Amino acid sequence: MTDGYASLARTAFGYAGSQILYAAVRLGVPDALAGGPVPVGKLADALGADPAALKRLARALVVLGVVREAPPGQLALAEAGRPLCADHPRSMRSSVLLFGDPAVWRAWGALHDSVLTGEPAFDQVHGLPLFDHLAGDAGLSRIFNTAMREGTGHLAAEVPRAYDCGGARVVVDIGGGDGTLLAAILTAVPGARGILYDTAQGGAGAGETFRRANVAERCTVEAGDFFAGVPGGDLMLLKGILHDWDDRRCATLLRRCREAIHPGGRLLVIEPVMPARLDAPDAAGAVMSDIAMLVYTGGRERDRAEFGDLLAAGGFAPDGLTAPLGGTAIRVLAARPV
Ligand SMILES: C[S@@+](CC[C@H](N)C(=O)[O-])C[C@H]1O[C@@H](n2cnc3c(N)ncnc32)[C@H](O)[C@@H]1O
């Protein structure tokens, strides 16, 4: 088989690999193997699984490189499988649970319809938008928030290193989720206080994050709809927010930020910036995120010029762009009110 054919086949059957990981994590296989090798039969008993079927799943996990055979007849977690454990410092357990969840992967099944209509696949499959669906499903909402933390955790401390937040007095994280980014910025700027603004379900875990980071006494958590209004500050953050929405909704949100920002304040938009060329090193991340936004929310990734137009529509002007953070396509785009 040529490399090209093999790569095409891997992509064509890619969802099988995703569901193998999802089933393993949902059953608890990685955490059950974290302490050392376990015989397959004992693992099946512990997880309440059919021994023969679990053996077949385990073989697939060996082929995918996340589990290894540890003779005689035992299974062990491979090094590459460790991030599937809940307590790994760069855990992707909740991301696997989110992207393999039936609600999410069924939406991918309607990508074809999205391309025909331009409408988000998620809404077509479920009859309501992603964030409304999450509001009615507390379990999936918790998984979503933890998955966002997994994606933000390793980048959060890089933001205050890439952009000087030093003079900030009031930092507002709009759609700040579980507070991971705000906690990192307040840790880097000890004189600042913070406001996390999100829906009730989106910000549900933020208090705990602030307590763990020892910044709770400098933080408040406010719940509301960011299209209706946002709290004001002199450093306002939008991380992974604009790419969830079309241009019209983004312009509304940016105008709410413009109304609330303190004089002389700065807005930081933190998300992928689509590079000019598709052979750029950060292009793949931005492009895959862009197609995911079409499926999930009807949002999109944008290039510098598109961000410039969007900011202008909201009453802001670009004021600097950092290099990509941590090997991703995500950059900090600073803006000042005009
Ligand atoms: C993609 S997540 C990003 C979370 C976080 N900023 C991060 O990057 O990890 C989008 C966030 O926007 C919040 N959100 C969505 N619609 C909202 C609304 N109308 N008002 C306030 N927050 C909203 C969600 O609850 C979620 O926490």
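The values are calculated or read from the model by the stated rules, or taken from the named source; none is laboratory data. This one's a predicted model, so the numbers in the text were calculated from it and none came from an experiment. Quick reminder, even Gly has a Cβ in these numbers, built from the backbone with ideal geometry, and neighbours come from all protein chains shown.
Evaluate the range 118-130: report whether one residue or more is acidic (Asp, Glu), modelled with pLDDT of 95 or more and away from the ligand (no atom under 16 Å from the Cβ). There is at least one residue in the range 118-130 that is acidic (Asp, Glu), modelled with pLDDT of 95 or more and away from the ligand (no atom under 16 Å from the Cβ). Restricting Ala103, Ala86 to those that are of a type outside the set (S, T, N, Q) and in a loop (DSSP other than H, G, I, E, B) reduces the list to Ala86.
Given the options Gly167, Gly203, Gly179, name the one that is surrounded by fewer than 20 Cβ atoms within 10 Å (Cβ to Cβ), in the same structural domain as Gly314 (by TED's automatic domain parsing) and touching a Leu at 6+ places or on another chain (Cβ under 9 Å). Step by step, each of Gly167, Gly203, Gly179 is checked, and only Gly167 is surrounded by fewer than 20 Cβ atoms within 10 Å (Cβ to Cβ), in the same structural domain as Gly314 (by TED's automatic domain parsing) and touching a Leu at 6+ places or on another chain (Cβ under 9 Å).
Residues in the range 259-270: is at least one in a strand (DSSP E or B) and away from the ligand (no atom under 15 Å from the Cβ)?
Yes; the residues of the range 259-270 include at least one that is in a strand (DSSP E or B) and away from the ligand (no atom under 15 Å from the Cβ).
The set of residues in the range 169-225 that are without any contact (Cβ under 8 Å) to a residue 40 or more places away in the chain, more than 14 Å from the ligand (Cβ to nearest atom) and in a strand (DSSP E or B) comprises Arg193, Thr220. Taking every residue in the range 118-133 that is touching a residue at least 12 places away in the same chain (Cβ under 8 Å) and polar (S, T, N, Q) and pairing it with any residue that is assigned to a helix (DSSP H, G or I) and more than 16 Å from the ligand (Cβ to nearest atom), at least 6 positions away or on another chain, the pairs with Cβ-Cβ distances below 8 Å are Gln124/Asp113; Gln124/Ser114; Gln124/Thr117.
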